[in-house]
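Chemist: My questions all concern the structure below.
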């Protein structure tokens, strides 16, 4: 019976719930150990939905080839530009966007992709993978059937014994929306890692339920919420969620090194382990 539910983000379509949990679990256990807690693997499950984004078979090898001409206007374009602007702000080696040149697609998208190739944050990520990642975010927000199926996977992982939800990246959006709709659950602790929930325009304004006058609804089943972000995390553009989701959110900054958005340094952080251990002990935030 699951006490902790983990929720992954984008780009996990070639894994499965067991392989992904095996990948996450050592880092998860290390964070709890640093906080003085004893992890129990049987208490943890992975809410897995990556296969819902897996492409059907095609004649090519690997991921389908994508380039700037394949980037759609709207979410895909705006997300790539947001990543570019944030990477340029955080890293000197990344050339910044020329605002006067941001009027044409795909030319401006190609400039964004070229600039992101200089980013340590996106090091080693091929152009087609950047586009694929942005496409998964777009599909989640624009395909109602897919969105419902992803949320259903998360809700299926919850049990009557679930006490803590730890959600990374797009997984934090999935968990937030599902918990807002699933009022039958109660007394859960939500811990978000590298969350894009506060990113206006691309994410925040597309949430269900929609924010009202700039304020988002509190998910009723959640009794406490800790949001953890690395200052250099390009995906978590808005590091503090409390201004939008309410002052019951505890915002915490951590330092993840070069892999600012990687879930593993988030999980090994003492701050994350402390938040999880505190919730499991019933002592609340410390």
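Chemist: For residue 215, state whether it is over 19 Å from residue 44 (Cβ atoms), in contact with a helix residue (DSSP H, G or I) (Cβ under 6 Å, 6 or more places away or on another chain) and surrounded by fewer than 21 Cβ atoms within 10 Å (Cβ to Cβ).
Modeler: Judged against the criteria, residue 215 is not a match.
Chemist: Of all residues in the stretch 73-122, which are at pLDDT 75 or above and either assigned by TED's automatic domain parsing to the domain that holds residue 236 or assigned to a loop (DSSP other than H, G, I, E, B) (or both)?
Modeler: The answer is 73, 74, 91, 92, 93, 94, 95, 96, 97, 119.
Chemist: Continuing with the same structure: Tell me the residue from 219, 265 that is in a loop (DSSP other than H, G, I, E, B), outside the structural domain of residue 120 (by TED's automatic domain parsing) and modelled with pLDDT of 90 or more, please.
Modeler: Of 219, 265, the one residue that is in a loop (DSSP other than H, G, I, E, B), outside the structural domain of residue 120 (by TED's automatic domain parsing) and modelled with pLDDT of 90 or more is 219.
Chemist: Answer yes or no: is there a residue in the stretch 169-178 that is surrounded by fewer than 17 Cβ atoms within 10 Å (Cβ to Cβ) and either closer than 22 Å to residue 234 by Cα or in contact with a helix residue (DSSP H, G or I) (Cβ under 8 Å, 6 or more places away or on another chain) (or both).
Modeler: Within the stretch 169-178, none of the residues are surrounded by fewer than 17 Cβ atoms within 10 Å (Cβ to Cβ) and either closer than 22 Å to residue 234 by Cα or in contact with a helix residue (DSSP H, G or I) (Cβ under 8 Å, 6 or more places away or on another chain) (or both).
Chemist: Just one of (1) loosely packed, with under 15 Cβ neighbours inside 10 Å; (2) in contact with a helix residue (DSSP H, G or I) (Cβ under 7 Å, 6 or more places away or on another chain) trips up residue 19, so point out which.
Modeler: Of the numbered conditions (1) loosely packed, with under 15 Cβ neighbours inside 10 Å; (2) in contact with a helix residue (DSSP H, G or I) (Cβ under 7 Å, 6 or more places away or on another chain), the odd one out for residue 19 is (2).
The values are calculated or read from the model by the stated rules, or taken from the named source; none is laboratory data. Bear in mind that the values here come from a model prediction, so they are computed numbers and not experimental data. Note: ideal-geometry Cβ built from the backbone for every residue, glycine included; neighbour counts use all protein chains shown.
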